[in-house]
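Rule-based calculations on the coordinates, nothing more; no lab input. Predicted, not measured: the structure shown is a model, and the values here were computed from it. Glycine also receives a Cβ, built like all others from the backbone with ideal geometry; neighbour counts cover every protein chain displayed.
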Amino acid sequence: MNILITGANRGLGLEFVQQYAENSQNRIFACSRNPQTLEKENVSTHKLDVTATEDIDNLKQQMGETSIDILIHNAGVYGSKSGFGSIDVDSWIHTLKVNTIAPIKLSEALIDNVAASDKKTIVIVTSKMGSISDNTSGGSYVYRSSKSAVNMAGVSMSRDLKEKGITVLLLHPGWVETDMGGPNALLKPKESIEGMRKVIREATINDSGTFFAYDGQKINW
Ligand SMILES: NC(=O)c1ccc[n+]([C@@H]2O[C@H](COP(=O)([O-])OP(=O)(O)OC[C@H]3O[C@@H](n4cnc5c(N)ncnc54)[C@H](OP(=O)(O)O)[C@@H]3O)[C@@H](O)[C@H]2O)c1
């Protein structure tokens, strides 16, 4: 399978690359802002700031007519100054650009590549912090709203792309030990990615537009 991953240089994105690359039948397109060569035959690296139109255009050119079985929108930011009373407008807008708008714009750019594949799957790595019903503790205005919004946009994509046979999944990785998750997180990247890979592997078009945790549990909006 051909798999394209954003934010592939560290954290969950890098773990996705490493696990998928273990299967030599897979071809991995690892996209990041500052790509570094990975010592693997079946991994190519590509420059992609997900907010940069020029990078998206260049990536589209590089991909040509190559099919993409799994397009993984993983790149994300938490945003700073996101508590009530100290909201920073520019940080909020930037977070929306990365977490919410980029997955849709990159999907638009690469939709023919996904439609030309066998698996035809788009994965948005979102967060349970974007669940409105789960929000009992408040705070984190910037991050929470960016993930709620991408959930809504992802559901629209799932409806719009159904006739092309494309499955759109909204996946929560769990609380994972990365730069974003911090040292107290409950999961290691290995376990989170193994779980999400299983969800992706088993998903069918009937699951399109569903919000799943890494362990396959459905999450309420
Ligand atoms: N860790 C958790 O507990 C947790 C929980 C729920 C959801 N998530 C979600 O999981 C995803 C991955 O998070 P993580 O924990 O691996 O975070 P991380 O360790 O902070 O890594 C974030 C990744 O996103 C990339 N990125 C940020 N802005 C970008 C941009 N403009 N263009 C391209 N890449 C960009 C970073 O690249 P640079 O190195 O260039 O900055 C990095 O590769 C995110 O969507 C996050 O919201 C994580």
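What to note about this one:
- Peptide ranges 193-202, 142-151 listed from the most packed, as the mean C-beta count within 10 angstrom indicates: 142-151, 193-202
- Candidates ASN26, VAL50, ALA149 compared by Cα position along the dipole of segment 2-213: farthest toward the positive end lies ALA149, with charges placed on Cβ.
- Relative to the Cα centre, the charge distribution of segment 2-213, modelled as +1 at Lys and Arg Cβ and -1 at Asp and Glu Cβ, gives a dipole magnitude of about 320 debye.
- Across segment 13-27, computed HN-Hα scalar couplings (Karplus, 6.51 cos²θ - 1.76 cosθ + 1.60, θ = phi - 60°) run x, 5, 5, 4, 4, 5, 5, 5, 6, 4, 8, 5, 6, 7, 10 Hz from first to last residue, x flagging Gly and Pro.
- In order along segment 70-86, the Karplus-derived 3J(HN,Hα) couplings, from 6.51 cos²θ - 1.76 cosθ + 1.60 at θ = phi - 60°, round to 10, 9, 10, 8, 10, 3, x, 10, 8, x, 10, 6, 10, x, 4, x, 9 Hz, and Gly and Pro are given as x.
- Whole-Å semi-axes of segment 88-214's equivalent ellipsoid (Cα gyration tensor): 25, 19, 13
- Selection of chymotrypsin sites (Phe, Trp or Tyr not before Pro), segment 8-112, meeting DSSP coil and at most 15 other Cβ within 10 Å: PHE84
- Where a label projected 7 Å from the Cα of LYS164 along Cα→Cβ would reach, residues of segment 107-151 with amide N under 11 Å: 107-117, 120-122
- Remark: segment 2-213 projects, on average over all directions, an area of 11.5 nm² (convex hull of Cα atoms).
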